[in-house]
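Just so it is clear, none of the values below were taken in a lab; they were calculated from the coordinates. These figures come from a predicted structure and were not determined experimentally.
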Amino acid sequence: APDVTAFTAAPKVGSAKSSYSIGDVLTLTATVDKAVTKGSKFTAVLDVTDSSATASDPTITFTAAADGTTLTHEHTITAGENITALKIGSFKQGTTTVDSQYTTSGLLNTTLPSSANFASGIVIDGIAPTTRPTAVTYNPTSKTITISAGTSNYTFANIAANSSDDMKGYFDWTKLAW
């Protein structure tokens, strides 16, 4: 029977980044040490929550798209998921995992691979920003609108508290009404 040797994650579209937010899709891959047949499956609990999260850890299904040693699952980040290091919490043997010898004994065991459980620190940020504007000013000379926000108790993802970063890239301008 096959044994899981590693879990990896990559964005479905675009380049890898260290933090993913609501709507981002990750392709999660489980690598096994023996070939499995197309359609083989097993379930796992994806650990996407810490004490600040409002979601629950989802049970996901890894499926082999072809005969071989990889099974995949596409996970869309949902509101409330929040963790500093994405990982598989646990997984089940799954009687529908069929190895290349056509035995339906499932996975060899359910021990998480040592240091191969999404080895890189992948941050999931499914908590909407709660920064509240504290002031708005307009400079007619430079034609600039400045929105100030207190950040001591609130945060924007990827922006440090008390930062003076340009915020334009963080706004959904389709939501701004004049």
| Under 5 Å between amide H atoms, partner at least 5 residues away or on a different chain: which partners does ASP67 have, H built in plane at 1.01 Å? | LYS38
| query | Residue by residue through segment 74-90, which ³J(HN,Hα) values in whole Hz follow from phi under the Karplus form 6.51 cos²θ - 1.76 cosθ + 1.60 (θ = phi - 60°), with glycine and proline marked x? | reply | 9, 10, 9, 5, 10, 4, x, 6, 7, 7, 7, 8, 4, 7, 7, x, 6
| query | How large is ³J(HN,Hα), in whole Hz, for each residue of segment 9-15 in order, when computed from phi with the Karplus curve 6.51 cos²θ - 1.76 cosθ + 1.60 and θ = phi - 60°, using x for Gly and Pro? | reply | 9, 8, x, 5, 10, x, 8
| Taking amide hydrogens as modeled 1.01 Å from N in the peptide plane, which residues meet the under 5 Å criterion relative to LYS87, leaving out close sequence neighbours? | ASP47
